[in-house]
Amino acid sequence: MVRVPFRGRRARLPGDLADEETRALVAGAAAAAAAQVEAAPVVEPDRTGAAFFDCDNTMMMGASLFWFARGLAARKYFTGRDVASFIWQQAKFRVAGSESAVDMHTVRDNALAFIAGRSVEEISAAGEEIYDELMADRIWAGTRVLAQAHLDAGQRVWLVTATPIELASVIARRLGLTGALGTVSEIVDGKYTGRLVGELMHHEAKAQAVRALAEREGLDLTRCTAYSDSSNDLPMLSLVGTAVAVNPDTELKAVARSRGWAVKDFRTGRKAARIGVPTLGAAALGGGAVSGVLALRRRNQWPF
């Protein structure tokens, strides 16, 4: 069949098609060659600078341990009353922040009693699932950007949290961070005893952990940055060269202003008022969780 050329165009002969293909190949090769510039620069590791992020209400909306307990309760690990009792103790501990205001030994000894006898492997696996179910969507996007900026600058980034180290490590890994400093539980034969090694990773313990890590890793704390929402973390914030208040409670906001620290608030409107003003809600659980526990104590019902 004879092909009829489009009007106004010369018919393409076999030789013409071959020439076009050749020219296209040459053009493509030339373009590719022109695009072969230097390789993308690799971030130069910053060996002495690092960043430390509190988790609850700083990296995540609310308390990670609260969501963890809720996920375990849904899996029938324990009763609602068990969780409510534990949360109430943690709330008193985090708000008081001193031995004179709360029975520290009771809080310490009961901190992880609800997972006593469970294997580390089992709890870690549950943590992976619970992160996907209840935590992933509660990461503050703004804080995540701050952490990524440090990573992009070649610095290492750690979470520093009262959350059990196994769960803290899950969160850090999912966020692409370097690692986590968390509360360490006593383990015997691969199972939790329900007791802690030392104290909760809280208040001065956070500063001690950061100081110990800095010594081990050769960090210059004057070149490091710390982020937190709570005045309970003032020891850690005061330890580094740069402190940033993120979604701060009332006391931390005042301290930050007096010391010239940067303040980042990723909350808006009524949520900021609810989480940022009441010390109890911000320091202990956030997002109205404490009020739920108080209601539970009055009505003797499971709040979740």
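The values are calculated or read from the model by the stated rules, or taken from the named source; none is laboratory data. What you see is a predicted model, and the numbers here were worked out from it, not measured in a lab. Glycine also receives a Cβ, built like all others from the backbone with ideal geometry; neighbour counts cover every protein chain displayed. These accessible areas exclude ligands, DNA and RNA; they are computed on the full protein's heavy atoms, side chains included. Shrake-Rupley method; radii C 1.70, N 1.55, O 1.52, S 1.80 Å.
Report the dimensions of the stretch 157-230 along its three principal axes from the alpha-carbon atoms, largest first, rounded to Å.
Sorted largest first, the three principal extents are 40, 26, 26 Å.
Rounded to the nearest 0.05, what FRET efficiency is calculated for ARG75 and SER258 with R0 set to 45 Å and r the Cβ-Cβ distance?
Step by step, r from the Cβ atoms, then E = 0.50.
Which net charge results for the neighbourhood of TYR192, defined as the other residues with beta-carbon distances under 9 angstrom from its beta-carbon, given Lys and Arg at +1 and Asp and Glu at -1?
+2
Can you tell me the length gained on complete extension of the stretch VAL26 to LEU151, counting 0.36 nm per residue apart and subtracting the Cα distance?
Working it through step by step, the gained length comes to 40.9 nm.
Which cross-chain or sequence-distant (5 or more) residues have an amide H under 5 Å from the amide H of THR163, H modelled 1.01 Å from N in plane?
Result for THR163 returns THR183.
Under a 5 Å amide H to amide H cut-off, with H placed in plane at 1.01 Å, what residues pair with ASP46 once short-range neighbours are removed?
GLN155
Where does each of 126-138, 221-233 land if you order them by average Cβ count within 10 Å, highest first?
Packing proxy ranking, top to bottom: 221-233, 126-138.
Please compute the per residue accessible area over the stretch 151-222 with all protein chains in place, 1.4 Å probe, rounded to a whole number of Å².
Per-residue value: 43 Å².
How much accessible surface does VAL26 have with a 1.4 Å probe, in Å² rounded to 10?
Counting only protein heavy atoms, VAL26 exposes about 90 Å² to solvent.
So what are the stretch 109-184's ellipsoid semi-axes, whole angstrom, largest first, if each one is the square root of 5 times an eigenvalue of the alpha-carbon gyration tensor?
25, 14, 10
Note down the net charge around ARG174, summing +1 for each Lys or Arg and -1 for each Asp or Glu among other residues with Cβ under 15 Å from its Cβ.
-3
CYS224's amide H: which non-local residues (gap 5+, or another chain) put their own amide H closer than 5 Å, with H modeled 1.01 Å from N in plane and none for Pro or chain starts?
ALA50, GLY241, THR242
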